[in-house]
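Let me begin by presenting the structure, written as structure tokens, before commenting on it.
The values are calculated or read from the model by the stated rules, or taken from the named source; none is laboratory data. Fair warning: this is a prediction, and the values are worked out from it, not measured in the lab. When we count neighbours, we look across all protein chains shown, and the Cβ atoms used for this are built from the backbone with ideal geometry, even at glycine.
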Amino acid sequence: MLSYLHAFHAGNFADVQKHAALTLVLSMMQVKKSAIACFDTHAGSALYDLTGERARKTSEAETGVQQLWAKKELLRAPDWQLMLEALSEHNPAAAGVLNRYPGSPAWLSCFARPGDAVTAFELHPSEGRALETWADQAGVRVCCEDGLKGLLRHLPPTQPRLLTLIDPSYEIKSDYRAVAETLVKAWKKCRHGVYLVWYPIMENGLEKPLLEALAEGPVRKILRSEVRLENPPGRGMVGSGMLVVNPPWGFDQRFAAMLDDLKGSDRLGLTATMDWLVPE
Ligand SMILES: C[S@@+](CC[C@H](N)C(=O)[O-])C[C@H]1O[C@@H](n2cnc3c(N)ncnc32)[C@H](O)[C@@H]1O
């Protein structure tokens, strides 16, 4: 029984890192004309109400995307522009604060070109229903099934290029192992694909087996970006990690410049590191 609902966390610092990586990768891939198959294995419900009860209960967006929005004049990396424009489109009346936040399928559909295809998987029944309702208008194919198994069934895609986001809630401890195993299988089916894997950085190091399995496995060219809260809670999630397999050339420098803008207590209160978990 799944209980995680992303509405409690939408727009937090981890979403800012994850969706910045997603939009930058996609825009860099789109420099070439050939079509891209985009897969979102754990999609959530696509659009989140930041004024709703769930968002207000945790206030996580306050220290994430609301902070980014409030400080947007200070962002120096030009690559923030795409995200800021999309946030503006989702919040036509927003002046000081944002009311709505797009989830990963909405970011993908926002930037997908006519020849690109977006497929979103979601297993939670009510999240799946909300996703299907939204997807009708957005031209996104929804599969209400296990995203890891579903992804493997769809690979290799019919389009010449592949972008995959793997973003589980890690509610079940075995998710860490399942993600590592699925990434290896997916990579063997489509070696040139770009894969983004999000993971929480936990105070108790629960994510380490995922990283160790990938560091020792066959997949090459895995870039690791981690952001950590300067003032973390005593337990639970203390940071957020993104792995990018086969990042477009130059992505590391451009993404590092974006994350530089989030450092320090007057911004999102984060520290950031980037390295190659596995080199070429
Ligand atoms: C962290 S949230 C996704 C957030 C979304 N990717 C975004 O960035 O806006 C994880 C989602 O995965 C769903 N989920 C959990 N297990 C799943 C599975 N095996 N297959 C597909 N979806 C799953 C959860 O219901 C939840 O909505």
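A few remarks follow.
- Here is the figure for segment 98-129: residues that are more than 8 Å from the ligand (Cβ to nearest atom) and of a type outside the set (Gly, Ala, Ser) total 14.
- Tallying residues that are closer than 20 Å to residue 70 by Cβ and among the polar types (S, T, N, Q) within segment 244-270 yields 1.
- Here residue 173 meets the list (1) modelled with pLDDT of 95 or more; (2) in a loop (DSSP other than H, G, I, E, B); (3) surrounded by fewer than 20 Cβ atoms within 10 Å (Cβ to Cβ); (4) of a type outside the set (Phe, Trp, Tyr) almost entirely, failing just condition (1).
- Sub-8 Å Cβ pairs linking a first residue in segment 171-192 that is within 11 Å of the ligand (Cβ to nearest atom) to a second residue that is assigned to a helix (DSSP H, G or I), at least 6 apart or interchain, are 178/148; 179/148; 179/210; 182/148; 182/151; 182/152, ordered by first then second residue.
- Residue count, segment 130-148 (criterion: within 13 Å of the ligand (Cβ to nearest atom), in contact (Cβ under 8 Å) with a residue 24 or more places away in the chain and either over 25 Å from residue 189 (Cβ atoms) or of a type outside the set (Val, Ile, Thr) (or both)): 8
- The residue pairs whose first member lies in segment 45-69 and is among the basic types (Lys, Arg), whose second member is in a helix (DSSP H, G or I), and whose beta carbons are closer than 8 Å, counting only pairs six or more residues apart or on different chains, are 54/7; 54/8; 57/8.
- Filtered by the rule that a residue be more than 9 Å from the ligand (Cβ to nearest atom), surrounded by 21 or more Cβ atoms within 10 Å (Cβ to Cβ) and within 20 Å of residue 175 (Cβ to Cβ), segment 8-24 gives 12, 17, 21.
- Considering segment 44-140, the qualifying helices (runs of 4 or more DSSP H), each wholly inside and each with 3 or more residues that are under 20 Å from residue 14 (Cβ atoms), run over 53-58, 65-70, 80-90, 104-111.
- Taking the conditions (1) more than 23 Å from residue 134 (Cβ to Cβ); (2) within 12 Å of the ligand (Cβ to nearest atom); (3) surrounded by fewer than 16 Cβ atoms within 10 Å (Cβ to Cβ) in turn, residue 2 satisfies each one other than (1).
- Residue within segment 245-266 that is at positive phi and surrounded by 18 or more Cβ atoms within 10 Å (Cβ to Cβ) present: yes
- Matching option when the condition is polar (S, T, N, Q) and within 8 Å of the ligand (Cβ to nearest atom), among 59, 45, 34, 27: 45
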